[in-house]
1. Could you check segment 6-41 and list, in sequence order, the residues that are in contact (Cβ under 8 Å) with a residue 40 or more places away in the chain and over 29 Å from ALA88 (Cβ atoms)?
2. Among the residues of segment 1-17, what is the count of those that are part of a helix (DSSP H, G or I) and either of a type in the set (Gly, Ala, Ser) or crowded, with 18+ Cβ neighbours inside 10 Å (or both)?
3. Report the residue count in segment 38-86 for those that are under 16 Å from VAL12 (Cβ atoms) and not aliphatic (A, V, I, L, M).
Amino acid sequence: MPRAGLDTERVVDAASAIADADGLDAVTLARVAGGLGVRAPSLYNHVDGRAGLLRALALRGVRELTAALREAAIGRSGPDALAAAARAYRAYAAGARRRRAPGGRGRDRRRRLCRAARLAARGR
């Protein structure tokens, strides 16, 4: 039975914070669980192992970017919509750079999400 107050959203939030601070390789079930004050096996009620966690991170990134692009293009058409979407994409990527950890240990969000998707596809 899932622990009260712990849900998939909180698990992915914790994993995202770790990835933003220390890079995708630092995202482990043990580290996420430690940050949430639970034991690693508890996370299996919410994600399908590390591969499922990486998949959830990748899907979150895709949803965030999709929402930003959609919002930018609403009410516009043609070149104006394309330019607005391009600005939104650049703003999203710039935000990822700002979320990098001090000392350059963090990964660019776009690269991290692409890598997460590749790893998840391989089942890692």
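1. Within segment 6-41, LEU6 is the sole residue that qualifies.
2. Selection size over segment 1-17: 6.
3. Final tally of qualifying residues: 13.
Each value in this text was obtained by applying a stated rule to the coordinates, not by laboratory testing. Everything quoted here is computed from the prediction, not taken from an experiment. With ideal geometry, Cβ positions are generated from the backbone for all residues, glycine too; neighbour counts draw on all protein chains shown.
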